[in-house]
1. Among what's in the range 90-118 and is part of a loop (DSSP other than H, G, I, E, B) and more than 12 Å from the chain's Cα centre (by Cα), pick the residue that is modelled with the lowest pLDDT.
2. Tell me, yes or no, whether the range 76-88 has at least one residue that is farther than 29 Å from D287 by Cα, outside the structural domain of T160 (by TED's automatic domain parsing), of a type in the set (F, W, Y) and not in a helix (DSSP H, G or I).
3. Working carefully through the options S220, S267, find the one that is modelled with pLDDT of 90 or more and either surrounded by 14 or more Cβ atoms within 10 Å (Cβ to Cβ) or of a type in the set (D, E, K, R) (or both).
4. Write out, first by first residue and then by second, each pair whose Cβ atoms fall under 6 Å of each other, whose residues are 6+ apart or on separate chains, and whose first residue, in the range 259-279, is not assigned by TED's automatic domain parsing to the domain that holds M46 while the second is among the aliphatic types (A, V, I, L, M) and part of a strand (DSSP E or B).
5. Quick check on the range 13-64: of everything there that is among the aliphatic types (A, V, I, L, M) and in a strand (DSSP E or B), which residue is surrounded by the fewest Cβ atoms within 10 Å (Cβ to Cβ)?
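The values are calculated or read from the model by the stated rules, or taken from the named source; none is laboratory data. Here the structure is a predicted model, which is why all the values come from computation and not from measurement. FYI the Cβ positions are ideal-geometry reconstructions off the backbone, even for glycines, and counts take in every protein chain you see.
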Amino acid sequence: LIKKNTHRRDKVLWTKNTQGELLDFSLSRDDKNEAAMVLKEIKRRMQNFGLEFRDFAVLGRTRRALQAISDCFKQFKVPYSSSAKKGRAFRNTKEVLDLLAYLRLIAGDDDKAFERVVNIPKRGLGSGIVAIIRDIARSSGKGLFKAAKRAVKAQLRGITIKHRKALLEFLELILSMRRDFVRWPVKKVLGEVISRVGYLRMMRKDGAKKSSIPGEEAISKLLQMAAAFDHKTHQPIALDAKLHEFYQNVRKKESDKDEKRNHVTLSTIHQAKGLEWPVVFVIHFNDGILPLMPRTDDHDQALREMEEERRLAYVAMSRAKSKLYLSCVQKDMVGTP
């Protein structure tokens, strides 16, 4: 789908799922029939696979496209949240995931953490460079952090002097924090990571187009949790063990909160960016809705708008971890074909 866009960055994507289901596509007579199909499949999967309401999301291009689903869920008393952001766990906010990944990498050579933060803030170390490092790791049997050290020293195709310099600075940043933070409490470690990485500066720069206040609130909450953790941890403990314990502590607290939140998510595609669910329904996959029709007669502008619609469709389809449903209708809620 996304390869049809002419203005895009090449990415190398992979999955750790060894097997998966094919997507389902359905054509419904109208909005009500589409909503009935969604409800039927949710109930079937809950019964057959032991899933819960929180494992499902229904995504639409516009809020209006979700109205029939909302009405259906109300009628049959299905718990739902009409905003992905409201139902989004604190631990899944980008800022918390980034900072926890930095803590995990400081605590040890964590490959997932390395991949998440090696280019946060942007250092010119994108997916292409990470793919080369991953190849080195596979051939050497080492983790990504050690493979990155080799990449700095080696003359490899695809890694320029500029890349090696940026990679070396990143490695030295992590190593210096490992040395300096040995006896520090977690809150002080976290605050210093934010400072040395320049995380708030990055947020405010990225926030020129949108408010960074929610992100700063998430960081403030994480710092409060770190302070509470330090207060309860009186006995001496090694830095790596301390950071791992704090990481697990955050995950457990948020998991306990998640247990109390069990509902289907209804969301626009825009609101769902960065989030994932085991099962996702993308509804109203109809010309004029997804994609929206170009709002201009200018050919070049119309192409740009269509590429944006294609990007949104790609975002929607990639929110599903295990199962994806696409559906369209013959007539909308006012009977228009």
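1. Filtering the range 90-118 for residues part of a loop (DSSP other than H, G, I, E, B) gives 93, 108-110, 118.
Then drop every residue that is not more than 12 Å from the chain's Cα centre (by Cα), which leaves 108-110, 118.
Values: G108: 91, D109: 83, D110: 88, V118: 95.
Out of the qualifying residues, it is D109.
2. Yes, some residue in the range 76-88 is farther than 29 Å from D287 by Cα, outside the structural domain of T160 (by TED's automatic domain parsing), of a type in the set (F, W, Y) and not in a helix (DSSP H, G or I).
3. Exactly one of S220, S267 is modelled with pLDDT of 90 or more and either surrounded by 14 or more Cβ atoms within 10 Å (Cβ to Cβ) or of a type in the set (D, E, K, R) (or both), namely S267.
4. Final answer for the pair search is none.
5. The first filter runs over the range 13-64 and keeps only residues among the aliphatic types (A, V, I, L, M), leaving 13, 22-23, 27, 35-39, 42, 46, 51, 57-59.
Checking which are in a strand (DSSP E or B) leaves us with 27, 57-59.
Numbers: L27: 13, A57: 25, V58: 28, L59: 29.
Within the range 13-64, the match that is surrounded by the fewest Cβ atoms within 10 Å (Cβ to Cβ) is L27.
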